[in-house]
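To keep things clear, I will list the structure first and then write my remarks on it.
The values are calculated or read from the model by the stated rules, or taken from the named source; none is laboratory data. Since we're looking at a predicted model, the values are computed, not measured. Counting neighbours? That spans all protein chains shown, and the Cβs are built from the backbone with ideal geometry, glycine included.
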Amino acid sequence: MIPSHKFAGWLLDAIDRLLALAGLERYHSVEQAAYLLIVVCVALLVGISIRRIVLWLLRRYVRFRHTGWGELMLRDRTMQKCSHIVTPLVLMAFVPFMFESLSTLHTVAIRCVGSYLLIAVGVAVSAVLHFVWMLYDTRDNVRHLPLKGLLNVAVGMVWIIVAILTVSVCINRSPVALLGGLGACAAVLMLVFKDSILGFVAGLQLSLNDMLHVGDWITVPSTPADGVVEDVTVTVVKVRNFDNTLIMLPPYTLVSSSFQNWKGMTDSGMRRIARDILIDASTVTGDTSAATSDGTDPSATNLGRFRAYCLDYLHRHPRITSRGLVMVRLMPQTESGIPMQIYCFTDTTDWYTYESIQSQIFEHLTAAAPAFGLTVYNLPPSISPSPS
């Protein structure tokens, strides 16, 4: 406790002399009210002064050293939040001298100031935790792990402890006794905080198993989510779809069901093209009698020559990377024709560029098919759906 008994005694004597000059020396309640008003003003003045001095020193340090953590501390207002502890400390030092020991007013004042101090400590600890998280997340979190959920859990634990201690101070009971009472209500608490508990466990699984990061493109088949992860907390994963709509998902949904993370594609620098060209089977021709004896010459049919041309075109294309598999294959025939699949990888993952490359390839191959006597399948006009 701050050593203030000498100053407090001097302050009480000064108030007594002032009240005597005003003819109010017999009114003890007036003396207490004046003392309380002066103590509150002194506590606020000391708190504001220390806050300004610390901020002034911090700004000068940041100005000359240009440290990233100092600028972050100023931007996050960490010191302002921590300085709230000073005011209840000053009150705690002076209030005991205001009332008679063990009196009702003395007990109420001590409990109120003690609760104020605990809340101020909670604010300060939460601010420090948030600053540490911001410092790590902006500088060292190169894997973009979803650590905000862990921050929320830590801050929540701090405030649970502050709440238990505050209630124990107010009712003058041991925190252990309160915890025993909470244990008896464990079932109700688990029901109330079910989403938070499941979210916390799911958040740990997502982080420890390196399943999800802020900035990842994910697709969740059971939901409309198909976009980039913007935030991960204890109770919600926020995903911004490509149409700029926001989808809020409980983290437990991602763990209990499957989801697709496109981060591997982004990190590889390649994106796959796997699309079919439907060839009309009636246009496939060839001189099979002129083929080699083992029947392995692809040039025996116009479809084989076209397939070889497509493969050569892909190998010569400047935007098709050789780091990935490049092939042209025939899929099982359907009633719509013979699907010939173009399978390759572009050298970019940018959506706009990828779609441009893919469109260019299929435009060229579709236009080149007639040169081999092949026709890309279209629904016959006689059975085409009439325009509505």
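Restricting segment 22-80 to residues that are modelled with pLDDT of 70 or more and outside any helix (DSSP H, G or I), the residue that is surrounded by the most Cβ atoms within 10 Å (Cβ to Cβ) is Asp76.
In segment 222-254, of all residues being within 26 Å of Met134 (Cα to Cα) and part of a helix (DSSP H, G or I), the one that is nearest to the chain's Cα centre (by Cα) corresponds to Pro251. Going by the conditions given, is Val214 within 13 Å of the chain's Cα centre (by Cα), at pLDDT 80 or above and not in a loop (DSSP other than H, G, I, E, B)? Here the answer is no, as Val214 does not meet what is asked. Being crowded, with 16+ Cβ neighbours inside 10 Å, part of a helix (DSSP H, G or I) and modelled with pLDDT under 80 is a property that Ala93 has. Of all residues in segment 328-349, exactly one satisfies the criterion of being within 43 Å of the chain's Cα centre (by Cα) and exposed (fewer than 12 other Cβ atoms within 10 Å of the Cβ), namely Met331.
Answer yes if at least one residue in segment 292-301 is at pLDDT 90 or above and surrounded by 14 or more Cβ atoms within 10 Å (Cβ to Cβ), and no otherwise. Among the residues of segment 292-301, not one is at pLDDT 90 or above and surrounded by 14 or more Cβ atoms within 10 Å (Cβ to Cβ), which makes the answer no. Being in contact with a Lys or Arg (Cβ under 7 Å, 6 or more places away or on another chain) and either among the β-branched types (Val, Ile, Thr) or assigned by TED's automatic domain parsing to the domain that holds Thr366 (or both) is a condition met by no residue of segment 240-257.
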